[in-house]
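A short write-up of the structure that comes next.
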Amino acid sequence: MHQKRSKWLTRFRSRGLRGAGAALAMMACLFAGGAQAADTGERHHARGQYDTVTATYAVVEGDDLIAISERFEIPVESLKALNKLTSDGIKVGDKLVLATADAPEVSSDVSEETRQSLSAPDSVETRIGTLEFKDGVPTDETASKVYDTLGFTRALNVYNNSFRGASALGLIKGFQSIGAGSGDIIIFEELMDASSLFLTGNADTVYYLGWVDLSKGPVVIVQPTDGLGAINDMWFSWVTDVGKPGPDRGLGGKYLIVGPDYDGLLPESGYFTAHSKTNKILYAMRAFIKDGKDPKPAVDNIKQNLKIYPYVPGSYGTPIAEALEGGIKLAGEPKIPEMKFINGSGVAFNTIPPSDYGFFEWINENVQNEPATSYDVELAGQLAAIGIVHGKEFKPDDRMKKILTDAAAVGQGTGRALQWQFADVHPDWARYERSQWSLMLWEGGALFETPPPAFEDGMFKPLPPTGARTLDSRTAFYYAYTLDSPAMIMQIPGVGSQYLIAFRDANGEVFDGAKTYKVTLPKDIPAAAFWSFTLYDNQTRSMLQTPQKYPRAGSQSYPSPAAEADEDGSTTVYFGPEQPDGIKRGNWIQSMPDKGWFAILRLYSPLEPFFTKEWRPSEIELVQ
């Protein structure tokens, strides 16, 4: 069924944009309640007199409603309605009303309320003190307060948004402090213990770690079998997974890592190629210990097979047929240098950035070392606002140093509040209902934007992107943890690892090193490889230093005895300054009376009951 078009509508459409503009102007007039019609001037028709006082028009010879509607930008139907016309017919001498008599007078000025809402008061109390203005102009004292606040706010943003960069630099500084240069590997042959300061390292796997300089060209990493880890850039941005979650799937292989400025030839095949935005990268790997009791086979495999060396264009991976075209110079395989391995077990060194003014000096060092394009423009703007710019000297004056010191203190407070008081602002970080077990990564995944995808029937099912960075989860994560990889939060049974973190006991109280606590893991712990608990120092976020040396308990029998299950299949682990009577050594982790702590439960190769929450550990309870 077709609707009959009105003459006005037909003519409106035929006149295109001019008609559209007239209609919009008329609608604006009506919605504003204007008393006067918009008179666009006499046309070929509609030359009659318009009375601005009475808002009426006197019809003259040749007039019709369409001409009048065009002159005054009022639809024909509106003219008919205003004048109670039942047809389009009008005659000479008629006076047509063009606006309602009771329409309010159009104001020539905005309301006082509107003016007040957008004006600066003479004085206003704020969280930064009293702000004063003279006819809208801030006093010098007010401007100073505002600029100090801007400096502090931007410095706090830098601390929270770039702690990851300082932490990445901290790893290199720590490695260098014990003699590890580019391509050298620190390997914890007897596992990592509490001697060194690493953000939430563990004492259950063989760590082998290093850094590589890409500024002179791509680098080849020959990855041994049975690894688990990732390569990150100097902002802890993920470059690629390596080992079991990576493209080699634990079988080993050659990785080619390309830096940001390289524009030369790359091989057609033969490598797992990945690109970094920074000139330096972090290579962070773990290997499982054989049968949970002997790290030596894993250590030997790494030391015998791991190779790191410069890539030579035209060598392995470049077909000779490709060289026939004349654009490539063939080359043989480079001489592979002898690897340097440093045993990190029992060695005391620090990898954690400071939380005072020195933090900003570290961040500036990272900014100067890496391309300005290696971090996003928003962070670059925050850094520039406090004087940190690539290629320029960082010279804060005494005023700014004080602001930066304050911002570091508040930034540290933010990182800690998001651990111990996460539930105040992010109750969704709790893994279970009414539970202290948490993990911030479930909110935005490893990339801090969209929660991790579901995994069903061998296929991932990604969730729709949120389009928003989960800032608090990123701040919380990098303040106490290091490196980034999707493998940390994949919901694939039997692959990667999963983590549960507890900062408080079942009653919501922080853990007291002088008291004894316990936790029970129901039978059939969902970890195909192994599980473990580790205690961490509240202050350093590193392994708790105690006479035990390795503050852990779990299913492996190295470096401390394995935990033993109860008769019902469940396993209870105790935390306290003294080993409880009747409790096996493997079921107890020592705490220190003068040190607070938090705990992480790790499940390696987690199984389905963990993801479905069918299996759930008890809360950590105070032993009365």
Taking the 0 to 90 degree range and rounding to the nearest ten, how far is the long axis of helix 296-305 tilted relative to the main principal axis of the chain, both from C-alpha atoms? 70 degrees
Dividing the convex hull volume of the alpha carbon atoms of segment 418-541 by its residue count, what do you get in Å³ per residue? 136 Å³
Taking only protein heavy atoms and a 1.4 Å probe, what accessible area per residue, in Å², does segment 65-178 have with all protein chains in place? 58 Å²
Out of every Cα-Cα pair in segment 543-583, what percent are more than 12 Å apart? 66 percent
So what is the relative contact order for the chain, in percent, with contacts set as C-alpha pairs under 8 Å and at least six apart? 13 percent
How large a share of the accessible area of the chain, in percent, is made up of carbon and sulfur atoms when the probe is 1.4 Å and the other protein chains stay in place? 53 percent
So what's the angle, to the nearest 10 degrees on a 0 to 90 scale, between helix 398-420 and the longest Cα principal axis of the chain? 70 degrees
Kirkwood Rh, Cα Rg: Rg to Rh for segment 323-455? 1.13
What accessible area per residue comes out for segment 340-440, rounded to a whole number of Å², with a 1.4 Å probe? 46 Å²
Which trypsin sites (Lys or Arg not before Pro) in segment 126-170 sit in a loop by DSSP (not H, G, I, E or B) and have at most 15 other Cβ atoms within 10 Å of their own Cβ? ARG127
Between TRP588 and residues 5 or more places away or on another chain, the pairs with built amide H atoms under 5 Å apart involve TYR574
Normalised per residue, the volume of the convex hull around the Cα set of segment 487-624 (Å³): 114 Å³
Could you give log10 I(q)/I(0) at q = 0.06, 0.07, 0.10, 0.12 Å⁻¹ for the chain, computed by the Debye formula over C-alpha point scatterers of equal weight, without solvent? -0.51, -0.62, -0.91, -1.20
Residues whose built amide H sits under 5 Å from the amide H of GLY201, excluding neighbours closer than 5 in sequence, are MET543
When segment 157-238 is reduced to its Cα atoms, the Kirkwood hydrodynamic radius in Å: 14.3 Å
Place a +1 charge on the Cβ of each Lys and Arg in segment 402-474 and a -1 charge on the Cβ of each Asp and Glu, then give the dipole magnitude about the Cα centre in debye, rounded to the nearest 20. 260 debye
According to the square roots a ≥ b ≥ c of the eigenvalues of the Cα gyration tensor, what is the shape class of segment 198-296, taking rounded for a/c under 1.5, prolate for a/b larger than b/c otherwise, and oblate for the remainder? oblate
Would you grab the residues whose amide H sits under 5 Å from the one on SER345? Only those 5+ places off in sequence or on another chain, please, with H modelled 1.01 Å from N. GLU189, GLU190
Taking the Cα centre of the chain as origin, sum charge times position over the Cβ atoms of Lys and Arg (+1) and Asp and Glu (-1), and report the length of that vector in debye to the nearest 20. 1080 debye
Please give every one of the lysines within straight-line cross-link reach of LYS95, meaning a C-alpha to C-alpha distance under 26 Å, and leave out same-chain neighbours fewer than 8 residues apart. LYS7, LYS80, LYS84
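The values are calculated or read from the model by the stated rules, or taken from the named source; none is laboratory data. Computed from a predicted model, the values in this text were never measured in an experiment. Cβ sites come from the backbone with ideal geometry, for glycine too, and all protein chains shown count toward neighbours. The protein model used for the area step is the full one, side chains on, heavy atoms only, and it has no ligands, DNA or RNA in it. Shrake-Rupley method; radii C 1.70, N 1.55, O 1.52, S 1.80 Å.
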